[in-house]
């Protein structure tokens, strides 16, 4: 290994040298050690101390060591990457995102849940071709990598045929991000009715052991079988289960019934969990069931009572994960989700203190929400042993944030800088399974011209088929939910 005696700061590295180093990394043999040197290291693992200035040694796709001055352990053949002035942390884990939608990104940022459902499941979703599934997923996953995500649970509930599913997995392969494909039926319209029978084919074809893609069963609005039967089938296939749309009294009753039947468990994750009863929460906690919050979705789209239940989860001893949900209406980054949860919990705790409530909870802190965004996310998607922390033996899913950029300098508190100071422009490097996916602030291996073409062509096709045009300075037409099942579903919850 060669390099300067002391790690060089990222802002001292010239563009030519940076490009040459990237070329070496991409051309290196898979087993070549890579030593990330001199960064502030935030591990999110209580057993692996954070380091003011330390190293992370990668060998192949795995983190081999975290410590100080690991050059001797790396050996003379290692490639040194100097990252002084940066913060190394585990890649963000998105516990639930609907990736197929996002050639319509930011189309409905002022909408409520009824308008969202009408535009997506009740309208544009009905017209998706396999090519549109590919385009939507690739747009989403490129944006996720750019924003520092290394793992995304793709709650994929618009695969109208096996060919639609195949197109989604092609997008995963091209993006090079870790994806948990969570397969669920479309919520409205005609489809091939291949779910759940197609799940074994998807796993055998696209989810090799040790690969970047894994599989779960998704359960949402359309129930082809009773939930308990779907869970039984998923477990028979050896799959975890993620329920979306868990909110309000009907969901509370369903979750409580599943709890009474002994159906819940640590292989089950519930998304939203908004406005749930205490008996339902007790069943969730007793079964070790996971919770994924969608904080900006609850608050902005108006789901159930609109309050992400971070405090309720904590009251029952559950450490939740976080998710983006729908980019058609919301931001695509984890910084927004962390801040939303932090501020919501502290606001509610403050209200109770102000009213002299003796049971007012303690404030959560920046370290809590970073844990939710990484380690707890990995648990919720079934990959807690694989990713989510900078732990030797886990996959090398790593993000480097520029801590001496103008909005962050000087670096005084690493975790607070991640949560309260940084944004996507500060994400310098993203590594997924030991492979460089973002370098010096730019995505690696992305044909942006092609991506733009795919996104615009798919968007224009879907809008035309749904009967409207998109003009960036004009609002889209307000649609009403037409599908009888969707209309009745949301009317039963007082939301349509």
If I fit a long axis through the Cα atoms of helix 448-466 and take the longest principal axis of the Cα atoms of the chain, what angle between them do I get, 0 to 90°, rounded to 10? 10
Grab the beta carbon distance between residue 31 and residue 409, set R0 = 35 Å, and tell me the FRET efficiency rounded to 0.05. 0.40
Please compute the length gained on full extension between residue 224 and residue 357, using 0.36 nm multiplied by the number of residues separating them and subtracting their Cα-Cα distance. 43.3 nm
Specify the inter-centroid distance of region 101-122 and region 397-447, based on alpha-carbon positions, in whole Å. 30
Roughly how many whole Å is it from the C-alpha centroid of region 33-71 to that of region 175-236? 36
Over the chain, what is the percentage of antiparallel beta bridges among all DSSP beta bridges, to the nearest 5? 40
Contact order normalised by length for region 106-184, with contacts defined as Cα pairs under 8 Å and 6 or more residues apart; what percent is it? 36
When only C-alpha pairs under 8 Å and at least 6 residues apart count, what is the relative contact order of region 92-380, in percent? 20
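Figure the gain on full extension for residue 62 and residue 478 (residue separation times 0.36 nm, minus the Cα-Cα span) and round it to one decimal in nm. Could the numbers behind the result be given before it?
Details: separation 416, 0.36 × 416 = 149.76 nm, distance 4.89 nm.
Roughly 144.9 nm would be gained on extension.
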To the nearest 10 degrees, the tilt of helix 15-27 (Cα long axis) against the first principal axis of the alpha carbons of the chain is 70
A correct fewest-to-most ranking of 330, 301, 343 by other Cβ atoms within 10 Å would be 343, 301, 330
Cα axis of helix 278-287 to longest principal axis of the chain: angle in degrees, 0 to 90, nearest 10? 50
What percent antiparallel are the DSSP beta bridges of region 1-123, to the nearest 5? 60
Once you place label points 7 Å from the Cα toward the Cβ at residue 72 and residue 449, how far apart are they in nm? 5.2
How many nm separate the modelled label positions at residue 350 and residue 468, each set 7 Å beyond the Cα in the direction of the Cβ? 3.6
By count of other Cβ within 10 Å, fewest leading, how are 191, 100 ordered? 191, 100
Sort 365, 340 so the one with the fewest other Cβ atoms within 10 Å of its own Cβ comes first. 365, 340
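Rounded, prolate or oblate: which one fits region 330-454, using the alpha carbon gyration tensor with axes a ≥ b ≥ c (rounded when a/c is under 1.5, else prolate when a/b beats b/c, else oblate)? Don't skip to the end; give the middle numbers.
Numbers: a/c = 2.05, a/b = 1.72, b/c = 1.19.
Taking the square roots of the gyration eigenvalues as a ≥ b ≥ c, region 330-454 is prolate.
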Length gained, residue 420-residue 16, 0.36 nm per residue minus C-alpha separation, equals 142.2 nm
Could you work out how far the C-alpha centroid of region 448-464 sits from that of region 324-342, in angstrom? 24
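Which of the peptides 149-162, 249-262, 380-393, 462-475 is most tightly packed, and how do the rest follow, judged by the mean count of other Cβ atoms within 10 Å per residue? Each step should come with its number before you reach the end.
Working: 149-162: 25.7, 249-262: 17.1, 380-393: 21.6, 462-475: 12.3.
Packing order, densest peptide first, comes out as 149-162, 380-393, 249-262, 462-475.
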Only Cα pairs under 8 Å and at least 6 apart count here; give the relative contact order of the chain as a rounded whole percent. 20
Short version: what are the Cα gyration tensor semi-axes of the chain, square root of 5 times each eigenvalue, largest first, in whole Å? 36, 27, 22
Residues in region 235-275 that a label on residue 305 would reach, taking backbone N under 16 Å of a point 7 Å out along Cα→Cβ: 246-253, 272-275
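A short reminder: the numbers here are calculations on the coordinates, not readings from a lab. Treat the numbers as computed from the prediction; the structure is a model and nothing was measured. So basically every Cβ, Gly included, is an ideal-geometry build from the backbone, and we count neighbours across all protein chains shown.
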